[in-house]
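Undergrad: I have a structure here, written as structure tokens, and I will follow up with some questions on it.
The values are calculated or read from the model by the stated rules, or taken from the named source; none is laboratory data. All figures in this text were calculated on a predicted structure; none of them were measured in a lab. Virtual Cβ from ideal backbone geometry, glycine too; neighbours counted across all protein chains shown. Accessible surface areas use protein heavy atoms only, side chains included; no ligands, DNA or RNA. Shrake-Rupley method; radii C 1.70, N 1.55, O 1.52, S 1.80 Å.
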Amino acid sequence: MSQYRLNGETPNGTVEVLLGWDEPMNWFFMVIEPDADEPLYSNLDEAEPESLTLDHFQRVLDRFNITNISLLPGHASGMYEKLMSDRESGRMS
């Protein structure tokens, strides 16, 4: 499982975003405020978490007005490319 902990900037302040590739489950995951008793968002709350794409997670980031994290291909952060590489290599750390 790869994990990236990022600070997301919103109009209401900073939130923690946990993103990664879960090799055993064979899916991407995202949690906003993962250490809270009730995260603001978790892919596990979705009806079919195994089918979620990075494009879906980008829409979630947009919905929460998190503007400094991008999962779009070619973005300067390279997060899309990192996550796709994790999936292709079966990264477990």
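Undergrad: Please state which of the following conditions GLU9 fails to meet, knowing it meets all the rest: (1) in a strand (DSSP E or B); (2) of a type in the set (D, E, K, R); (3) surrounded by 17 or more Cβ atoms within 10 Å (Cβ to Cβ).
TA: (3)
Undergrad: The conditions are (1) touching a strand residue (DSSP E or B) at 6+ places or on another chain (Cβ under 6 Å); (2) modelled with pLDDT under 95; (3) among the β-branched types (Val, Ile, Thr), and ILE69 fails exactly one of them. Which is it?
TA: (2) is the only condition that ILE69 fails.
Undergrad: Further, regarding this structure: Among the residues of region 34-49, count how many are within 16 Å of the chain's Cα centre (by Cα) and open to solvent by 100 Å² or more (accessible area, probe 1.4 Å).
TA: Qualifying residue count, region 34-49: 4.
Undergrad: Still on this model: Pick from region 76-93 the residues that are within 13 Å of GLY20 (Cβ to Cβ) and among the charged types (D, E, K, R): which of them is modelled with the lowest pLDDT?
TA: If we take residues in region 76-93 being within 13 Å of GLY20 (Cβ to Cβ) and among the charged types (D, E, K, R), then ARG91 is modelled with the lowest pLDDT.
Conditions tested, residue by residue: (1) in a helix (DSSP H, G or I); (2) in contact with an Asp or Glu (Cβ under 8 Å, 6 or more places away or on another chain); (3) not basic (Lys, Arg).
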position	(1), (2), (3)
VAL31	no, no, yes
GLU38	no, no, yes
LEU44	yes, no, yes
GLU50	yes, no, yes
GLN58	yes, no, yes
ASP62	yes, no, yes
ASN68	no, yes, yes
HIS75	no, no, yes
LYS82	yes, no, no
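Undergrad: In region 58-83, what count of residues is obtained for those that are in contact (Cβ under 8 Å) with a residue 12 or more places away in the chain and either under 17 Å from MET25 (Cα atoms) or of a type in the set (D, E, K, R) (or both)? Break it down stepwise before answering.
TA: Quick first cut of region 58-83, residues in contact (Cβ under 8 Å) with a residue 12 or more places away in the chain only: 58, 60-61, 64-72, 79-80, 82-83.
Now narrow it down to the ones that are either under 17 Å from MET25 (Cα atoms) or of a type in the set (D, E, K, R) (or both): 82-83.
Within region 58-83, residues that are in contact (Cβ under 8 Å) with a residue 12 or more places away in the chain and either under 17 Å from MET25 (Cα atoms) or of a type in the set (D, E, K, R) (or both) number 2.
Undergrad: Can you pull out every residue in region 16-33 that is touching a residue at least 40 places away in the same chain (Cβ under 8 Å) and either open to solvent by 20 Å² or more (accessible area, probe 1.4 Å) or out of contact with any Gly (no Cβ under 8 Å at 6 or more places or on another chain) (or both)?
TA: LEU19, GLY20, TRP21, GLU23
Undergrad: Test each condition in (1) surrounded by fewer than 16 Cβ atoms within 10 Å (Cβ to Cβ); (2) in contact with a Ser or Thr (Cβ under 9 Å, 6 or more places away or on another chain); (3) basic (Lys, Arg) for ARG59 and report the one that comes out false.
TA: Unmet condition: (2).
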